[in-house]
Amino acid sequence: MSWTRDSLIDAARKAAGGAYAPYSNFHVGAALGFADGSVVTGANVENASYGLTLCAETVAVGKVLSENWRGKLEAVAVIGGKAGAVGAGDPVTPCGRCRQMLNEVAALGGSDPVVWCASEDSVTELHLSDLLPHAFGPASLD
Ligand code: THU
């Protein structure tokens with residue numbers, strides 16, 4: 001495993017720099033760390049039709065699954081904030097839809113990843129199962 005908690009948070013912070021968020025001006029980055037050392041990042045992508053917005057975590061999940069990645073998801077880092085002040089406020093926790101999206105990747109690799117919700121001066125450490133108890137996932141369809 002070549003990433004660490006701090007490098008994954010750094011990757012999320014860098015990813016936030018790619019956010020397309022002209023409507024909220026709130027930039028979010030997410031980094032997904034896998035057991036083989038890979039890191040896949042995403043940033044939020046907004047739309048003039050506001051409700052079509054894609055969160056950073058969802059963009060990262062889309063990258064993972066569309067590239068046929070099926071590794072074991074061990075950790076997720078998320079950081080966000082107003083443009084130019086990413087990390088300045090409270091740690092960002094994944095929204096409900098993103099929890100469900102992350103659960104799909106976690107379920108494929110059979111893990112309950114740690115989720116680091118970061119700001120500049122604090123990190124809230126949770127597990128996906130804390131954020132999304134009793135999840136509906138691929139096995140629910142068996
Ligand atoms: N956002 C994320 O990217 N991830 C989350 O988990 C929470 C919210 C984005 C969506 C929108 O572009 C902006 O933050 C403000 O809600």
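Farthest toward the positive end of the dipole of the range 93-142, out of Cys95, Pro138, Trp116, is the Cα of Pro138, where the dipole comes from beta carbon charges about the Cα centre.
Taking θ as phi - 60° and the Karplus parameters 6.51, -1.76 and 1.60, the scalar couplings of the range 29-44 work out to x, 10, 9, 9, x, 10, 4, 7, x, 5, 10, 10, 10, x, 9, 6 Hz in sequence order, x denoting glycine and proline. Please compute P(r) over all alpha-carbon pairs of the range 1-136, binned at 5 Å starting from zero, and give each bin as a whole-number percent. Bins of 5 Å from zero give 2, 12, 23, 25, 21, 11, 5, 1 percent of pairs. For the chain, DSSP calls about 75 percent of its internal beta bridges antiparallel.
Per residue, how much accessible area does the chain have with a 1.4 Å probe, in Å²?
Details: 6990 Å² over 142 residues.
It amounts to 49 Å² per residue over the chain.
Volume per residue for the range 72-134 equals 79 cubic angstrom (convex hull of Cα atoms). Taking a virtual spin label 7 Å from the Cα of Ala83 along the C-beta vector, which residues in the range 8-36 bring their backbone nitrogen under 16 Å of it? Only 16-29 fall inside the zone, counting backbone N under 16 Å.
The apolar share of the surface of the chain, taken as the fraction of accessible area on carbon and sulfur atoms (1.4 Å probe, ligands and nucleic acids excluded), comes to 54 percent. Largest GNM mean-square fluctuation across Leu54, Leu132, Leu102, computed for the chain with C-alpha springs under 10 Å, falls on Leu132.
Peptides 76-84, 31-39 ranked from most to least packed by the mean count of surrounding Cβ atoms within 10 Å: 76-84, 31-39.
Relative to the Cα centre, the charge distribution of the chain, modelled as +1 at Lys and Arg Cβ and -1 at Asp and Glu Cβ, gives a dipole magnitude of about 300 debye. Rounded to whole numbers, the Karplus 3J(HN,Hα) couplings from phi for the range 133-142 are x, 6, 5, 8, x, x, 5, 5, 8, 5 Hz, using 6.51 cos²θ - 1.76 cosθ + 1.60 with θ = phi - 60°, and x at Gly and Pro. Centroid-to-centroid, using Cα positions, the range 112-142 and the range 55-76 are 14 Å apart.
Model label points for Asn47 and Asp130, set 7 angstrom from Cα along the Cα-to-Cβ axis, are 3.3 nm apart.
The values are calculated or read from the model by the stated rules, or taken from the named source; none is laboratory data. Since this is a predicted model, take the numbers as computed values, not measurements. With ideal geometry, Cβ positions are generated from the backbone for all residues, glycine too; neighbour counts draw on all protein chains shown. Just so you know, the surface numbers come from the protein's heavy atoms only, side chains and all, with ligands and any DNA or RNA stripped out. Shrake-Rupley method; radii C 1.70, N 1.55, O 1.52, S 1.80 Å.
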